[in-house]
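K.L.:
One structure follows; several queries about it will come next.
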Ligand code: ADP
């Protein structure tokens, strides 16, 4: 049987976080690139859905691609590229907008949350923020993707992608593969260390509760030692009643390969738990930071990888997107 096709991506809207690593990148590296035909993409078009600074987007795009490589994605085993280098994403996105209903876009939780955030700051909302899931559907469907390994913050968008694929196929004929989300078993959602009820998101305001992959070691330690814990003092794994401590246990479990419920029994104080989490995270990030520094010194290499990746991606997407255009009568 053919290997499954996988597509996943990261938006260059901020520096990559521990959440991106534990929730996405690490599994791409350790499993997906070897067992599947995997495409990993810096989805830069998605970074334009909110106010952006052109130079910063360009810099963050390169940094994300460099971190993909630093984390261990191997261009001999997977395809690495930048979304805007492959026109098929934007081309297919329009057909997805013509397949989706206005109402189902407006129901997306992330859209509602971001609208609330932007309007609280007195900012207007770009139309592309609403249509974002159409572009995301295009990203996935252009490649005949079978599996989308994403954190559970993205499952609603993948559900919508499935609906759009089925709807399109029903209306115009079988063009698209219906993909499925494959959430990671642990650390599906790393929460902000200062606000364990909201996820650790790279595009959130620069925060003390967010660990960035390129943070200095002592900064990582400090952020973890200052994590908000819960009232009470016993270490118990209970995401409802003890969100702060449970988040730390999830991170520790993800870093060490243990089970959060079991790890909880090994610690009798919050301080000891935090110390263990800090060391585990520092150890996970150490090789990644070192490799990032090496790769940053060789921009030509990174460029070459992205160029070859875009070429392969284009060759894969073109026939399917052409078929979709033909199917709708164009
Ligand atoms: P962000 O929300 O940080 O901007 P993206 O939307 O670019 O991240 O998502 C990139 C990948 O990282 C997705 O697979 C997403 O599910 C995952 N991810 C992002 N934040 C977290 C988190 N806090 N915990 C787990 N996974 C996350």
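Values in this text are rule-based calculations from the coordinates and carry no lab data. Everything numeric here is computed off the predicted structure, so don't read it as measured data. Cβ sites come from the backbone with ideal geometry, for glycine too, and all protein chains shown count toward neighbours.
K.L.:
Hey, in the GNM for the chain with a 10 angstrom Cα cutoff, which one of 315, 90, 71 fluctuates hardest?
P.N.:
In this elastic network of the chain, the residue with the biggest mean-square fluctuation among 315, 90, 71 is 315.
K.L.:
Looking at the chain as a GNM with Cα springs under 10 Å, which of 204, 15, 85 has the largest mean-square fluctuation?
P.N.:
Checking each option, the largest mean-square fluctuation is seen for 204.
K.L.:
Which percentage, to the nearest 5, of the DSSP beta bridges contained in the chain is antiparallel? The partial results should precede the final answer.
P.N.:
Details: 2 of 15 bridges.
So the antiparallel bridges in the chain amount to around 15 percent.
K.L.:
How many angstrom separate the Cα center of the stretch 167-244 from the Cα center of the stretch 60-85?
P.N.:
If you average the Cα positions of each part, the centres end up 21 Å apart.
K.L.:
Relative to the compact-globule scaling 2.2 N^0.38 Å, provide the ratio for the alpha-carbon radius of gyration of the chain.
P.N.:
1.01
K.L.:
If you don't mind, there's one more thing I want to ask. What value, in deg cm²/dmol to 500, does the helix sum -39500 (n - 2.57) over DSSP H runs of n ≥ 4 give at 222 nm once divided by the residues of the chain?
P.N.:
Helices in the chain give a 222 nm mean residue ellipticity of -16000 deg cm²/dmol.
K.L.:
So what's the angle, to the nearest 10 degrees on a 0 to 90 scale, between helix 54-71 and the longest Cα principal axis of the chain?
P.N.:
Helix 54-71 sits at roughly 70 degrees to that axis.
K.L.:
Right, here's the next one. For residue 113 paired with residue 256, estimate the spin-label separation in nm (one decimal), with each label point 7 Å from Cα along the Cα-to-Cβ line.
P.N.:
My value for the distance between the label points is 2.8 nm.
K.L.:
I need the calculated FRET efficiency for the pair residue 56 and residue 128, taking r as the beta carbon distance and R₀ as 25 Å, to the nearest 0.05.
P.N.:
0.90
K.L.:
Give the angle, between 0 and 90 degrees and rounded to the nearest 10, that separates the Cα long axis of helix 270-296 from the longest principal axis of the Cα atoms of the chain.
P.N.:
50 degrees
K.L.:
Mean shadow of the stretch 52-179, computed from the convex hull of its alpha carbons, in nm²?
P.N.:
Dividing the Cα hull surface by four gives the mean projection, 9.2 nm².
K.L.:
Which order results if 41, 255, 98, 78 are arranged by neighbouring Cβ count within 10 Å, fewest first?
P.N.:
98, 78, 255, 41
K.L.:
Helix 155-172 against the longest principal axis of the chain: what's the angle in degrees, Cα atoms only, rounded to the nearest 10?
P.N.:
Orientation of helix 155-172: about 10 degrees from the principal axis.
K.L.:
Another one. Semi-axes, largest first, in whole Å: what does sqrt of 5 times each Cα gyration tensor eigenvalue give for the stretch 3-111?
P.N.:
Values: eigenvalues 117, 66, 40 Å².
Three semi-axes, in Å: 24, 18, 14.
K.L.:
Once you've got the GNM for the chain with C-alpha springs shorter than 10 Å, pick whichever of 150, 211, 282 has the biggest mean-square fluctuation.
P.N.:
The residue with the greatest mean-square fluctuation here is 282.
K.L.:
May I pose another question? Based on the Cβ-Cβ distance from residue 279 to residue 323, what FRET efficiency comes out when R0 is 45 Å, to the nearest 0.05? Provide the component values of the computation, followed by the final result.
P.N.:
Working: r = 52 Å, r/R0 = 1.16.
For R0 = 45 Å, the calculated efficiency reads 0.30.
K.L.:
What is the Cα radius of gyration of the stretch 224-286 over 2.2 N^0.38 Å, N being its residue count? Write out the running numbers ahead of the final one.
P.N.:
Working: Rg = 10.5 Å, N = 63, 2.2 N^0.38 = 10.6 Å.
This ratio for the stretch 224-286 stands at 0.99.
K.L.:
So, one more: On full extension of the chain, what length is gained from residue 156 through residue 30, given 0.36 nm per residue of separation minus the C-alpha to C-alpha distance?
P.N.:
Numbers: separation 126, 0.36 × 126 = 45.36 nm, distance 2.51 nm.
Between residue 156 and residue 30, full extension yields an extra 42.9 nm.
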